[in-house]
Amino acid sequence: MLGAALAVADQATKNWAESALPLGRSQPLLGEILQLHLLYNSGAAWGMGAGATPVVTCLQLLICVGVLVFAVRAVRSPWWALSLGLIIGGALGNIHDRLLRPPGPFRGEVVDFLQLPNWPVFNVADMGVVGGAILLVLLSVIGVPSDPSRPADAADRRPAPTDQEHGA
């Protein structure tokens, strides 16, 4: 549900940006801290891989399917669901651009329009992917399991060995 809402919000903001912003010119939103700057990205993150847009699109689709399968099979934690929902929603927003925007299917350019100082231009989908990834790393570091009802490891379920088993 969160993923779908984020993908819809991403597309709505991209449509607004295309209709309201001039291409390639910065306009302050919050002074110098946050500016609006419409551009089209044919590559992956930070425009890298611009010549391999079909490959980038296929990889994004495979990753999205993998995340969805993992989420359905193994995630019962609301925090993990939030994290993966942000990642999936952001991925779907950018995949939509790659599939349906010019110059054509699997070669479409992603609409970017938000700019921070010393940072590449990005969009709402990018914020979802990055925010979800940061939350996912944090959950992993602090040890929050994806399914709290399952033991972390089969070794945790075995009884402790007795003295006789150690040959005492």
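The values are calculated or read from the model by the stated rules, or taken from the named source; none is laboratory data. From a predicted model like this one, the values you see are computed outputs, not experimental measurements. All Cβ positions, glycine included, derive from the backbone under ideal geometry; neighbour counts span all protein chains shown. Just the protein is used for accessible areas: all its heavy atoms, side chains included, with ligands, DNA and RNA removed. Shrake-Rupley method; radii C 1.70, N 1.55, O 1.52, S 1.80 Å.
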Förster radius 35 Å - calculated FRET efficiency between VAL55 and SER149 (Cβ-Cβ, nearest 0.05): 0.35
Percent carbon-and-sulfur accessible area, the chain, ignoring ligands, DNA and RNA, probe 1.4 Å: 69 percent
Whole-Å distance, taken between Cα centres, linking region 118-143 and region 21-76: 12 Å
Loop-located trypsin sites (Lys or Arg not before Pro) in region 1-85, at most 13 other Cβ atoms within 10 Å (DSSP): ARG25, ARG76
Nearest-10 value in Å² for the accessible area of ASP126, using the 1.4 Å probe: 40 Å²
Candidates GLY85, GLY47, GLY108, ranked by Gaussian network fluctuation over the chain, Cα under 10 Å, top entry: GLY47
Accessible area expressed per residue, the chain, with surrounding protein chains retained (probe 1.4 Å, Å²): 60 Å²
Prolate/oblate/rounded call for the chain, Cα gyration tensor, a/c under 1.5 rounded: prolate
Residue-by-residue Karplus 3J(HN,Hα) for region 100-117, coefficients 6.51, -1.76, 1.60, Hz, glycine and proline x: 10, 9, x, x, x, x, 6, 10, x, 9, 7, 7, 10, 7, 10, 9, 9, x
Under Karplus coefficients 6.51, -1.76 and 1.60, residue-wise ³J(HN,Hα) of region 143-148 in Hz, glycine/proline x: x, 7, x, 5, 9, x
